[in-house]
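Heads up: the structure comes next, in structure tokens.
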Amino acid sequence: MGSINNKARPFGGQHHHQQPLCTRTHQIGALLLVAATFFFTSLFDRSFRPCASHFSTVDLIPTSRSSVHVSDGRDLLWPHRGYGPHLDLKIYVYDDREIDGLKALMRGRDGTIDSSTCLKGQWGTQVKIHRLLLKSRFRTRKKEEADLFFVPAYTKCVRMMGGLNDKEINQTYVKVLSQMPYFRRSGGRDHIFVFPSGAGAHLFRSWATYINRSIILTPEGDRTDKKDTSAFNTWKDIIIPGNVEDGMTTNGATLVHPLPLSKRKFLANYLGRAQGKVGRLKLIELSNQFPDKLECPELKFSGPDKLGRIDYFEHLRNAKFCLAPRGESSWTLRFYEAFFVECVPVILSDQVELPFQNVVDYTQISIKWPSTRIGPELLQYLESIPDENIEGMISRGRQVRCLWAYASESASCSAMHAILWELQRKVRLFHQSTETFWLHNGSVVNRNLVQFSDWRPPMPLP
């Protein structure tokens, strides 16, 4: 047994003159080891993804899909942090034949409302998103491999056409949700709903009880003018563009062409009804004071003097700035329409939320002015902006307006591409809710210890 005074000796300790502990060979070897470690760590980090088997078919998608190509040839890149390097999704779309009540939310209680009639108007996104997902390469027909679940409903259109009243809408939604085991499993966290109008999720009166954890796609970020709280949650929901007339968004559309700035008659315009809203009433009063600068015609949407769509866009294109005040809610379709007639949108809605803020800098393509300062000062400010600056804002808006168009996935840039990127950020590997439990063997069970595969509808909801 060695003494406590014995010290470890290097190999070859019998030599009186030891080699230096760190030779040039050692240094080179250390550098190579560091380089190799960095290379393999990066390789494993890129290649390892939880549940990789879920994404085997999507891996074939070229990495160019990590960006959206805009009109000037540039790419809009979604940040890798939280999104990943390329789209990697599987979305299950519920069929109206598998869930009792879903057909009523799409076609009314009698099933007589044609979905094509719901395509038009500012609420058409509820149909367009559904149709695009049905054709999407990211759609899966297997619930067990889905990352997200899409619940189709044309509720706003059905309600407007008398297909369901508010009470029926509420009861039907609850009935539908009670038949979805996967909704129950996650508490709705991985389920997607579209509410395309200013009412947002408030169309479903009990939304706060049943889908307050779900992903809501809506153009409406605020509804506190008529409700105590907004249904929009910036951390889970997604703001989507409104539904602009297809004749204006389709490539090569000829419905109405923009005018050169020098040919435009007005400095600014506001095309809409007053609806008793303070901001809109102020604009109408301002146009009476400065009729040569601000156009605010009295719009009629019925009768012989009804303003047609072409007439509307011809008015809209005849000003340098298109004013977008708050109406029944904070968002306005006019903001998106302005980009397609190439006038600079001026937001006069303080609570507005805008889509795709991770890639679009709205200070470069629009103006937001305090709604409390609507008056001559606003016109003076707009008049002071040189045409050169206006042209620059219009040009930059022209590059990104493809993000407001609900085109197919074959298009290099579309609202749907952007929505898919935002949805990818919501994907979770693990799913749980207050009524979901799990055991040592990994099996998921309910409060009665019934395995998930044996859950049968109707299931109790919160």
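The values are calculated or read from the model by the stated rules, or taken from the named source; none is laboratory data. This one's a predicted model, so the numbers in the text were calculated from it and none came from an experiment. A quick note on method: Cβ atoms are made from the backbone with ideal geometry, for glycine too, and the neighbour counts reach across all protein chains shown. Note: areas computed on protein heavy atoms with side chains; ligands, DNA, RNA excluded. Shrake-Rupley method; radii C 1.70, N 1.55, O 1.52, S 1.80 Å.
So here's what we get for this one:
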read-out: Positions within segment 412-462 being in contact with a Phe, Trp or Tyr (Cβ under 7 Å, 6 or more places away or on another chain) and β-branched (Val, Ile, Thr), in sequence order; value: 444, 445
read-out: Output for segment 412-462, where each listed residue is of a type in the set (Asp, Glu) and without any contact (Cβ under 8 Å) to a residue 60 or more places away in the chain; value: 454
read-out: Some residue of segment 133-145 being open to solvent by less than 10 Å² (accessible area, probe 1.4 Å) and under 19 Å from residue 331 (Cβ atoms); value: no
read-out: Selected residue (only one of 83, 182, 173 is touching a residue at least 12 places away in the same chain (Cβ under 8 Å) and in contact with a strand residue (DSSP E or B) (Cβ under 7 Å, 6 or more places away or on another chain)); value: 182
read-out: Residues within segment 258-290 that are under 20 Å from residue 401 (Cβ atoms) and touching a residue at least 24 places away in the same chain (Cβ under 8 Å), tallied; value: 7
read-out: Residue among 129, 113 that is surrounded by 15 or more Cβ atoms within 10 Å (Cβ to Cβ) and either within 30 Å of residue 430 (Cα to Cα) or among the basic types (Lys, Arg) (or both); value: 129
read-out: Options 253, 268; residue that is modelled with pLDDT of 95 or more and either in the same structural domain as residue 323 (by the TED database) or part of a helix (DSSP H, G or I) (or both); value: 268
read-out: Count of residues meeting criterion [in contact with a strand residue (DSSP E or B) (Cβ under 7 Å, 6 or more places away or on another chain) and open to solvent by less than 20 Å² (accessible area, probe 1.4 Å)] in segment 297-331; value: 7
read-out: Residue among 223, 205, 184 that alone is closer than 22 Å to residue 445 by Cα and modelled with pLDDT under 95; value: 184
read-out: Residue satisfying all of: in segment 71-110; among the hydroxyl-bearing types (Ser, Thr, Tyr) and assigned by the TED database to the domain that holds residue 163; surrounded by the fewest Cβ atoms within 10 Å (Cβ to Cβ) among these; value: 83
read-out: Criterion (buried (at least 19 other Cβ atoms within 10 Å of the Cβ), more than 23 Å from residue 243 (Cα to Cα) and not assigned by the TED database to the domain that holds residue 233) met by exactly one of 374, 367, 390; value: 374
read-out: Filter result for residue 122 (within 23 Å of residue 337 (Cα to Cα) and open to solvent by 20 Å² or more (accessible area, probe 1.4 Å)); value: yes
